[in-house]
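Have a look at the structure below before the remarks.
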Amino acid sequence: IRTYDIKPAKMKEFLEMVNKYFHFRTAHSELVGFWYSELGAMNRVLHIWKYDNFAHRTAVRHALANDKDWQGKFISAALPLVEKQHNEVAYLVPWCQLGKPSKEGGVYEWVTFQMKPGGPALWGEAFRSAINAHINTGYTKLIGVFHTEYGLLNTVHVLWWNESPDQRAAGRHSAHEDARVVAAVRDSVRFLESQQNVLLIPLQCSPLK
């Protein structure tokens, strides 16, 4: 999972470069999705890559370093537009498979939960119950739940899809009045340190749209 903070005046230029040249990058490994932030964070992009294992990632990184098109047409021009880079290695949790939206044209929500130290052995079941309670309301679609291996530990990222921000807002309002959701959230929040929600818009190059 890679997150870049882009210089405020350079966001439009960066996104145009991504849509124009990112095929050089995706020739080397599978892109899960690429988004820019709309609400909850500013001038931020987030992209997720799929690797078979660490050796696969190392091989891809080596190939990218030697790809003249990627380095010359994108990296050399894009890096001056970036203020900060952050990367994490995360796994899909065992009880979740990567999903797809019901249709193109909606919005995504990236929710980052910082849980108490102890890992899934401590908070896993309560967290899963809270996620399932939201799924069962039917207002939102789960795309993936990712648990960090490298980066800030005990972090869980949840990716949701909704048809629109207003549909999401209406659904959450209803969920907050659902006794099943309230009970599940109360149980899981005992293990929660912090939470951040970011509304994401997919780029043209993103497989998840």
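Numerical summary
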{"quantity": "Cα centre as origin, Lys/Arg/Asp/Glu Cβ charges: the chain dipole, Debye", "calculated": "260"}
{"quantity": "Inter-part distance where region 86-159 and region 3-23 are each reduced to a Cα centre, Å", "calculated": "26"}
{"quantity": "Accessible area in square angstrom per residue, region 69-110, 1.4 angstrom probe", "calculated": "61"}
{"quantity": "Estimated distance in nm for a label pair at VAL182 and LYS10, the labels positioned 7 Å out from Cα along Cα-to-Cβ", "calculated": "4.9"}
{"quantity": "List LEU31, LEU192, ordered by accessible area with a 1.4 Å probe, largest first", "calculated": "LEU192, LEU31"}
{"quantity": "Chymotrypsin sites (Phe, Trp or Tyr not before Pro), loop per DSSP, at most 16 other Cβ atoms within 10 Å - longest free stretch of the chain", "calculated": "96-209"}
{"quantity": "Accessible surface of the chain, 1.4 Å probe, proportion on carbon and sulfur as whole %", "calculated": "52"}
{"quantity": "Assigned charges on the beta-carbon of Lys, Arg, Asp, Glu; region 103-209 dipole about Cα centre (debye)", "calculated": "80"}
{"quantity": "Under 15 Å from the TYR91 label point (7 Å along Cα→beta-carbon), backbone N, region 53-83", "calculated": "53-55"}
{"quantity": "Translational D in µm²/s for the chain (Stokes-Einstein at 4 °C, 1.567 mPa s, Kirkwood Rh from C-alpha pairs)", "calculated": "71"}
{"quantity": "Sum of -39500 (n - 2.57) over DSSP H runs of 4+, divided by residues of the chain (222 nm, nearest 500)", "calculated": "-9500 deg cm²/dmol"}
{"quantity": "Amide hydrogen neighbours beyond the local backbone of LYS141, cut-off 5 Å, H modeled", "calculated": "TRP161"}
{"quantity": "Straight-distance crosslink candidates among aspartates and glutamates, where the alpha carbon sits under 16 Å from LYS209 and sequence neighbours closer than 8 are dropped", "calculated": "GLU30, GLU38, GLU104, GLU109, GLU163"}
{"quantity": "Per residue accessible area in Å² of region 1-61, where ligands, DNA and RNA are left out and the probe is 1.4 Å", "calculated": "53"}
{"quantity": "Cα-projected label distance for LYS20 with ALA59, points at 7 Å along beta-carbon direction, nm", "calculated": "3.3"}
{"quantity": "Count of Lys pairs (Cα-Cα under 28 Å; at least 8 positions apart or interchain) in region 51-174", "calculated": "6"}
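The values are calculated or read from the model by the stated rules, or taken from the named source; none is laboratory data. These numbers come from a predicted model, not from an experiment. Counting neighbours? That spans all protein chains shown, and the Cβs are built from the backbone with ideal geometry, glycine included. Ligands, DNA and RNA are stripped out before the accessible areas are found, and what is left, the full protein with its side chains, is counted by its heavy atoms. Shrake-Rupley method; radii C 1.70, N 1.55, O 1.52, S 1.80 Å.
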